[in-house]
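S.K.: Sharing a structure below in structure tokens format, with a few things to ask.
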Amino acid sequence: MNLKRALITGITGQDGSYLAELLLSKGYEVHGIIRRASTFNTSRIDHLYVDPHEERASLFLHYGDLSDGARMVTLLSEIQPDEVYNLAAQSHVRVSFDEPEHTADTTGTGTVRLLEAVRLAGIDTKYYQASTSELYGATPPPQNETTPFYPRSPYAAAKLYSYWITKNYREAYDMFAVNGILFNHESPRRGETFVTRKITRAVAAIKAGKQEHVYMGNIDSIRDWGYAAEYVEGMWRMLQADEPEDFVLATGVGITVREFLDIAFSHVGLHWEDHVRFDERYLRPTEVDALIGDPTKAGQKLGWTPTIDGRELAKLMVDADIEALDAGPGWIDKVKLESWGTK
Ligand code: NDP
Ligand code: GDR
């Protein structure tokens, strides 16, 4: 039997790990690009490891970086994937204000390096680009595939370039290349400095008596939070469609950071007002006030419907963080997260 082969950039990230799981469960041979680091950065996919010498191994990792276009050409020529999922990015909005040039290089130019590598390798492959609701920025909700973009950060500006260059390669070279415009999606594997995970980790630590306060920025912003495991299914469906088209994935439910705090703390019998303090370090020079997506098109054309919204996620993630804290090793403590200049 000829297995379908997929290449995932950003496989060590939240979405990459869920997508790898999904594709392996569908019988794909999965290849992932990882960055060389002085310590291992594969904790989200370690549970998928099978010794590559074994015949049943179907997950393979390769060193590479989106800043290295020649490497991308080599990898694509060697692997010859049927599907490419470009999930790699400097994905933190606040950090993009500190590192705008690096963000442009990875989150923006990295995309054209990969698209160009597909073209130069001369392979027939379907390409998924991780676009984002941050593209809408200052344009008020509800937002769908026809809503005008108004990026509000170096991250969003870089993703805007990636959105358009993906569309351009589709039109110019007749490539099956699509943008998934995904609204925020979270999980117990979410990076520790994104707001949901920061809150649910703090709730677990405060409940366990290991911490008293958590410092936050703007808690009035509204986000449409969904569950990452459901969103990777939507990515895959976009590449199985007959025609290459762009799709919004969202729940359609928007809540404030304040409400997320309230649900998360109340879930363990605490009051968020007793534990949350303000620190301007977490404010953004330009904020995105409200994102609430309209996923009608994905429902109609892909049959994709999310079942978990932000209110349920808050509880699910608190429970997972309490379990992770109890399990001990691997828990990153508050000193690392709040005292070392993280954002
Ligand atoms: P993460 O930040 O969890 O993961 C990012 C991944 O990109 C990591 O695997 C990281 O590797 C890798 N990476 C970063 N820089 C490079 C580089 N220069 N070369 C190669 N790999 C690199 O992101 P998510 O999983 O949350 O998101 C996946 C994608 O979807 C991102 O592009 C993000 O911008 C986008 N997106 C995310 C949304 C969300 O709510 N999660 C919503 C909409 C879009 P390492 O582990 O080594 O750091
Ligand atoms: P976002 O996610 O910027 O929407 O980008 P994040 O969780 O970082 O922020 C959401 C909202 O919470 C406010 N906020 C704080 N945010 C963080 N990180 N830390 C804080 O202490 C804090 N206090 C308040 C923010 O100001 C913001 O309004 C995410 C990323 O995954 C992107 O890659 C992706 O494209 C978008 O979601 C869709």
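S.K.: Those residues that are over 19 Å from THR12 (Cα atoms) and either touching a residue at least 60 places away in the same chain (Cβ under 8 Å) or touching a Lys or Arg at 6+ places or on another chain (Cβ under 9 Å) (or both), I need them from the range 77-92; list them, please.
M.R.: If the condition is that a residue be over 19 Å from THR12 (Cα atoms) and either touching a residue at least 60 places away in the same chain (Cβ under 8 Å) or touching a Lys or Arg at 6+ places or on another chain (Cβ under 9 Å) (or both), then GLN80, ASP82 are the ones that fit.
S.K.: Can I ask one more? Can you tell me which residue among ARG71, ARG36, ARG94 is within 22 Å of ILE181 (Cα to Cα) and basic (Lys, Arg)?
M.R.: Answer to the check: ARG94.
S.K.: Can you tell me which residues in the range 25-67 are within 16 Å of ligand 2 (Cβ to nearest atom) and more than 20 Å from GLN80 (Cα to Cα)?
M.R.: Matches in the range 25-67: ARG44 only.
S.K.: Filter the range 166-198 down to the residues that are hydrophobic (A, V, I, L, M, F, W, C) and within 14 Å of ligand 1 (Cβ to nearest atom) and list them by number.
M.R.: VAL178, ILE181, LEU182, PHE183, PHE194, VAL195
S.K.: Go through (1) small (Gly, Ala, Ser); (2) in contact with a strand residue (DSSP E or B) (Cβ under 6 Å, 6 or more places away or on another chain); (3) closer than 29 Å to LEU160 by Cβ one by one and return the number of the condition ALA37 breaks.
M.R.: Only one criterion is unmet by ALA37, namely (2).
S.K.: Continuing with this model, one more query. Here is a list: ALA172, ALA138. Which entry is free of Cβ contacts under 8 Å to residues at least 12 places away in the same chain and surrounded by fewer than 19 Cβ atoms within 10 Å (Cβ to Cβ)?
M.R.: When all the criteria are applied, what remains is ALA172.
S.K.: For the structure I just gave you, tell me whether HIS102 is within 16 Å of ligand 2 (Cβ to nearest atom), part of a helix (DSSP H, G or I), surrounded by fewer than 19 Cβ atoms within 10 Å (Cβ to Cβ) and not β-branched (Val, Ile, Thr).
M.R.: So HIS102 passes the test.
S.K.: Within the range 139-153, is there a residue that is modelled with pLDDT of 95 or more, within 14 Å of ligand 1 (Cβ to nearest atom) and in contact with a Lys or Arg (Cβ under 6 Å, 6 or more places away or on another chain)?
M.R.: No; the residues of the range 139-153 include none that is modelled with pLDDT of 95 or more, within 14 Å of ligand 1 (Cβ to nearest atom) and in contact with a Lys or Arg (Cβ under 6 Å, 6 or more places away or on another chain).
S.K.: Answer with yes or no whether SER162 is surrounded by fewer than 24 Cβ atoms within 10 Å (Cβ to Cβ) and of a type in the set (Ser, Thr, Tyr).
M.R.: no
S.K.: To continue, here is another question. Looking only at the range 68-99, filter to residues that are under 19 Å from the mean Cα position of the chain (by Cα) and away from ligand 2 (no atom under 16 Å from the Cβ); which one of those is surrounded by the fewest Cβ atoms within 10 Å (Cβ to Cβ)?
M.R.: Among residues in the range 68-99 that are under 19 Å from the mean Cα position of the chain (by Cα) and away from ligand 2 (no atom under 16 Å from the Cβ), the one surrounded by the fewest Cβ atoms within 10 Å (Cβ to Cβ) is GLU83.
S.K.: Okay, moving on. When you scan the range 223-241, do you find a residue that is within 30 Å of ASN168 (Cα to Cα), of a type in the set (Val, Ile, Thr) and more than 9 Å from ligand 2 (Cβ to nearest atom), even just one?
M.R.: Yes.
S.K.: Quick one: which of THR256, THR251 is crowded, with 18+ Cβ neighbours inside 10 Å and β-branched (Val, Ile, Thr)?
M.R.: Going through THR256, THR251 in turn, the sole match is THR251.
S.K.: Looking at the structure I just gave you, is ILE199 more than 23 Å from the chain's Cα centre (by Cα), farther than 30 Å from LYS126 by Cβ, buried (at least 19 other Cβ atoms within 10 Å of the Cβ) and among the hydrophobic types (A, V, I, L, M, F, W, C)?
M.R.: no
S.K.: Do we find that ASP51 is charged (D, E, K, R), within 16 Å of ligand 1 (Cβ to nearest atom) and over 19 Å from the mean Cα position of the chain (by Cα) in this structure?
M.R.: No.
S.K.: Select from the range 130-184 the residues that are more than 29 Å from THR256 (Cβ to Cβ) and outside any helix (DSSP H, G or I) and list them in ascending order.
M.R.: Passing the criteria: ASP174, MET175, PHE176, ALA177, VAL178.
S.K.: Another question, then. Which ones in the range 143-156 are within 25 Å of ARG94 (Cβ to Cβ) and surrounded by fewer than 20 Cβ atoms within 10 Å (Cβ to Cβ)?
M.R.: Within the range 143-156, THR147, PRO148, PHE149, TYR150 qualify.
S.K.: Here's a follow-up. For the range 19-43, enumerate the residues that are buried (at least 19 other Cβ atoms within 10 Å of the Cβ) and closer than 20 Å to GLN90 by Cβ.
M.R.: Once the filter is applied, which keeps residues that are buried (at least 19 other Cβ atoms within 10 Å of the Cβ) and closer than 20 Å to GLN90 by Cβ, the range 19-43 yields LEU19, GLY32, ILE33, ILE34.
S.K.: When you scan the range 208-221, do you find a residue that is within 15 Å of ligand 1 (Cβ to nearest atom) and either more than 20 Å from GLN90 (Cβ to Cβ) or touching an Asp or Glu at 6+ places or on another chain (Cβ under 7 Å) (or both), even just one?
M.R.: Scanning the range 208-221, I find at least one residue that is within 15 Å of ligand 1 (Cβ to nearest atom) and either more than 20 Å from GLN90 (Cβ to Cβ) or touching an Asp or Glu at 6+ places or on another chain (Cβ under 7 Å) (or both), so the answer is yes.
S.K.: Take THR12 and decide whether it is polar (S, T, N, Q) and under 27 Å from SER187 (Cα atoms).
M.R.: When the stated conditions are applied, THR12 passes them.
The values are calculated or read from the model by the stated rules, or taken from the named source; none is laboratory data. Quantities reported herein were computed from a predicted structural model and do not represent experimental measurements. Counting neighbours? That spans all protein chains shown, and the Cβs are built from the backbone with ideal geometry, glycine included.
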